[in-house]
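The structure under discussion appears below in the form of structure tokens.
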4 protein chains.
Amino acid sequence: MTEDLVAANRILVNEGVLDAYGHVSLRHPANPGRYLLGRNLAPALVTTADIVEYDLDSEPIGAPASVAHFFERFIHGEIYRARPDVNAVVHSHSPAVIPFSVTERPLRPLYHMSSFLYPGVPVFEIREAGGMTDMLIGNRELGAALAKVLGDKNVALMRGHGNVVVAGTLPMAVFRAVYTEINARLQAQTIALGGPINFLAPEEGEKAMRVLEKIHLRAWDIWKRTALKDIAR
Amino acid sequence: MTEDLVAANRILVNEGVLDAYGHVSLRHPANPGRYLLGRNLAPALVTTADIVEYDLDSEPIGAPASVAHFFERFIHGEIYRARPDVNAVVHSHSPAVIPFSVTERPLRPLYHMSSFLYPGVPVFEIREAGGMTDMLIGNRELGAALAKVLGDKNVALMRGHGNVVVAGTLPMAVFRAVYTEINARLQAQTIALGGPINFLAPEEGEKAMRVLEKIHLRAWDIWKRTALKDIAR
Amino acid sequence: MTEDLVAANRILVNEGVLDAYGHVSLRHPANPGRYLLGRNLAPALVTTADIVEYDLDSEPIGAPASVAHFFERFIHGEIYRARPDVNAVVHSHSPAVIPFSVTERPLRPLYHMSSFLYPGVPVFEIREAGGMTDMLIGNRELGAALAKVLGDKNVALMRGHGNVVVAGTLPMAVFRAVYTEINARLQAQTIALGGPINFLAPEEGEKAMRVLEKIHLRAWDIWKRTALKDIAR
Amino acid sequence: MTEDLVAANRILVNEGVLDAYGHVSLRHPANPGRYLLGRNLAPALVTTADIVEYDLDSEPIGAPASVAHFFERFIHGEIYRARPDVNAVVHSHSPAVIPFSVTERPLRPLYHMSSFLYPGVPVFEIREAGGMTDMLIGNRELGAALAKVLGDKNVALMRGHGNVVVAGTLPMAVFRAVYTEINARLQAQTIALGGPINFLAPEEGEKAMRVLEKIHLRAWDIWKRTALKDIAR
């Protein structure tokens, strides 16, 4: 399980979603009141030894005092608290997505691979929750405000910062994070072509989303294979 | 022959046409009522052992029951049925092409390397054939509807999904798939420059297409060489 | 000398100017009535054994009958004939440059690294020279027409096809081909920002061009080092 | 210390800020009236043996006469003279930044990672300081004029040329140079989406900048690790 979490970190770097920043977590498989997240470290460097266990208040459980924790781990704790259906969370500065966080254009699904965006992609404006901040989700209150804006959706943008992507499983969260980035890139290109855009209809989105349940592991498998090769090197 | 089909899979990944999804097939060289296609697997992982034979109804011939098949293999079967001149088919989510599938801008040839687009690039709207679907070509009827929209052209876009590219030979189908992606990228850049665009005239397109018959193997040879190096590694 | 020509081929592939197509030539160092060019082969595969000598009519000198020649070698022969100051010619489908060949936006120097564009970048319209063609410079007449449009400039675009870049030395021709591509990319990005563009003034262009004489070998040296490493591998 | 300067050169190449041109310097740790800069060499080739010491007039100290110096080292000397708080300077042709140097669009921080842009990004117009030049900062006067335009800011653009980025430490200067490039890329994409842009408010910028003090070494550490691996290879 922690091996998959390590792989998820590398995959998200390989696919351009994470750089030296951002993080991916997994709800503890045996204890839904806990989650697993790397210590404060660049994602490409995370190994199984770097995985820390947290409770839903985002307090570390049993980690040595010397371990540094992500300042923004509250993103994970508060989403797990608010969303019992969610078992994996990605927070990133996914580059193509950033522009959609600071303009009025909603991110919408262009094709079946990003159909999980069809329920809508809310934008979290931290000024509404915390006024003029350092832009970080550095406490439980801000984490809870973000979780509230996310609601029952799969992706939420964070204005001037990045996004969160959630799913019922780790491979699906990784899949969604990658195709959120790709959809943002393609939607920007489409807007530049000019004229009306024929997005997925809600009914198409809903049906295509069910297809992704069946096919997302094909991507996960090859991404993980590449990630493990990188680790072995 | 299956070695070429394996190479085609790798080439299309290397050139950014395929990712973990999409597929390329070859009409059976000895039996025009059959075609060869990898089993349900990421293209970068396909080996000769993964190639399956199908009839034109897209039923597998002699494959063990344990083998999983591409849900969308009907794309291939129905195009081979409708187009006796076609011996290779690529279906992809070629990224730069997607925007042209959801806007009103037709994909048109900017230069001689994509002259095979000159007869026109129709867009398949699955809503017309199947109403509100999961966007996939999951049966013979949808495959036949796509083949009908393709008509006698070399490329057809699939709205909110991807495209199909066909040719008389496997190297030419791969060549066209790569340069369809490149042309889409260049056409988007050209549109962003503003003003009228001087596309290839039909007569230029037709003459340049004949040139591609003579020169496309130069690309295939070096692409295949790189692909085989990757496999050997 | 032929080693440098081999390196030039690899460099132009590494820097994204050439793909499986395009070619670079060198006027014969000992005989200005001759030039050296690879045989009909993808640039990344060219070795010293593949270099062929041509006269200015683009007839091969002493090559075995089995050797295939570039159909468009007349580009080189006719430019060498018309331009005694030119000792190296690059013909490419340099991707970012293509859009400028089919729109009304002239390619102009954004910064000192592309100051060699300041005298202007003419566009060769093959329809004026040859009517409806296959777009290729397949004979001396079309080569001469292209050379005429190039005039005394450093770069000319070929509508719906690519460009030619010339210089007094091979390293400078390679340098200019690379920075023509980069300038095209940057100019497209600049146009997308909107508003007037502050291009180099002609006097700045002329002065900066003299600087490039002094500094272009810094790029050539490191590019060649990388290219030779690739060959050794 | 010089090892870090060597790493900084490689990092800036790896991250796409430098190509064969541009340079990064460090104020001498023991003597604030001196600075360290590679000799005239492509950044990717710099080793500890290539580091030269200069005084603030940009005269080399104790370098053999055979050593060639960067023509534009005055950028560094004059900024160190004008800015006692600055201990590291990057000068680059950072590609995505160039368009902002020749249009009227100011570069502004889209997100917390580039919050160091919030005090404003002035554009140095060399015509105002030197009339029609070769665009280079080739003497102390032009260096001083650039330093004056930079003022107390972290980044200044140089019209038709590139930019300078400064910081109190070498890792922070590298961090800022990388995220200046990324912000430029993202801002261009955002402009293309159309409509008003919600940039960081000054108060957010100021607070987020303090966060970067705490987290920028996470990027430096992994970048340096990769750079040293490249050197060892």
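The values are calculated or read from the model by the stated rules, or taken from the named source; none is laboratory data. Model, not experiment: these values are computed from the prediction. Cβ: placed from backbone, ideal geometry, glycine included. Neighbour counts: every protein chain shown. Protein only, heavy atoms only, side chains kept; ligands, DNA and RNA dropped before computing areas. Shrake-Rupley method; radii C 1.70, N 1.55, O 1.52, S 1.80 Å.
Taking a ≥ b ≥ c as the square roots of the eigenvalues of the Cα gyration tensor, segment A:191-230 is classed as oblate, since a/c reaches at least 1.5 and a/b does not exceed b/c.
In this view, the solvent-accessible surface of B:PHE70, computed with a 1.4 Å probe and all protein chains in place, comes to about 10 Å². Note on segment B:1-62 and segment D:33-77: Cα centroid distance 57 Å, given to the nearest whole angstrom. In terms of distances greater than 25 angstrom between alpha carbons, the cross-link table entries B:LYS214/C:LYS229; C:LYS229/D:LYS229; A:LYS229/D:LYS224; C:LYS229/D:LYS224; B:LYS214/C:LYS148; A:LYS214/B:LYS148 yield B:LYS214/C:LYS229; B:LYS214/C:LYS148; A:LYS214/B:LYS148. Here each label is just a point 7 Å from Cα along the line to Cβ, and for B:ALA65 and D:ASP85 those points are 7.6 nm apart. Semi-axes of the equivalent ellipsoid for segment B:97-143, computed as √(5λ) from the eigenvalues of its C-alpha gyration tensor and ordered from largest down, come to 26, 12, 8 Å.
In terms of its C-alpha gyration tensor, segment B:153-197 comes out prolate, because a/c is 1.5 or above and the ratio a/b outweighs b/c. Compared with the dominant Cα axis of chain D, that is its longest principal axis, helix D:140-150 is turned about 30°. Per-residue 3J(HN,Hα) values for segment C:200-214, derived from phi via the Karplus relation 6.51 cos²θ - 1.76 cosθ + 1.60 with θ = phi - 60°, read 4, 6, x, 5, 4, x, 5, 5, 5, 4, 5, 4, 4, 3, 7 Hz in sequence order (x marks Gly and Pro).
Counting Cβ atoms of other protein chains within 10 Å of each Cβ in A:161-173 and taking the mean gives 1. For segment A:165-203, the residues whose amide N sits under 19 Å from a probe point set 7 Å from the Cα of B:ARG105 along the beta carbon direction are A:182-200. The ellipsoid that matches the Cα gyration tensor of segment D:1-58 has semi-axes, each √(5λ) in whole angstrom, of 20, 11, 10, with the longest given first. Enter the Cα centre distance for the pair segment C:158-203 and segment D:100-116, rounded to the nearest angstrom. First find each Cα centre; the distance between them is then 24 Å. Mind pulling the angle between the C-alpha long axis of helix A:170-193 and the longest principal axis of chain A? Nearest 10 degrees, somewhere in 0 to 90. For A:170-193 against chain A, the angle is about 30 degrees. Annotation: for a label point projected 7 angstrom from Cα along Cα→Cβ of C:ASN31, residues of segment C:43-59 with backbone N closer than 17 Å are C:51-59. Measuring max minus min along each principal axis, the C-alpha atoms of the protein assembly as shown give extents of 81, 81, 47 Å (largest first).
Residues A:GLU53, C:GLU3, A:GLU181, A:GLU206 ordered from highest to lowest accessible area at a 1.4 Å probe: C:GLU3, A:GLU206, A:GLU53, A:GLU181.
Counting only Cβ charges, +1 for Lys and Arg and -1 for Asp and Glu, the dipole size of segment B:1-94 around its Cα centre is about 40 debye.
Peptide D:39-45 has a mean shielding of 3, counted as Cβ atoms of other protein chains within 10 Å of each residue's Cβ.
For the residues of A:90-102, the average number of beta carbons from a partner chain within 10 Å of their own beta carbon is 4. As an equivalent ellipsoid, segment B:1-108 spans semi-axes of 24, 17, 13 angstrom, where each value is the square root of five times an eigenvalue of the C-alpha gyration tensor, largest first. At the listed q of 0.19, 0.28, 0.30, 0.33 Å⁻¹, the Debye profile of segment A:116-161, built from one uniform point per Cα, gives log10 I(q)/I(0) equal to -0.55, -1.03, -1.14, -1.29. Counting only alpha carbon atoms, the long axis of helix B:2-14 and the longest principal axis of chain B meet at about 50°. Evaluated on segment C:130-233, the Kirkwood hydrodynamic radius is 16.5 Å, with distances taken between all distinct Cα atoms.
Put simply, the convex hull of the Cα atoms in segment A:30-179 casts, on average, a shadow of 9.2 nm². Projecting each Cα onto the charge dipole of segment C:1-52 (Lys/Arg +1, Asp/Glu -1 at the beta carbon, about the Cα centre), which of C:LEU37, C:VAL6, C:VAL17 comes out farthest on the positive side? The residue sitting farthest along the positive end of the dipole is C:LEU37.
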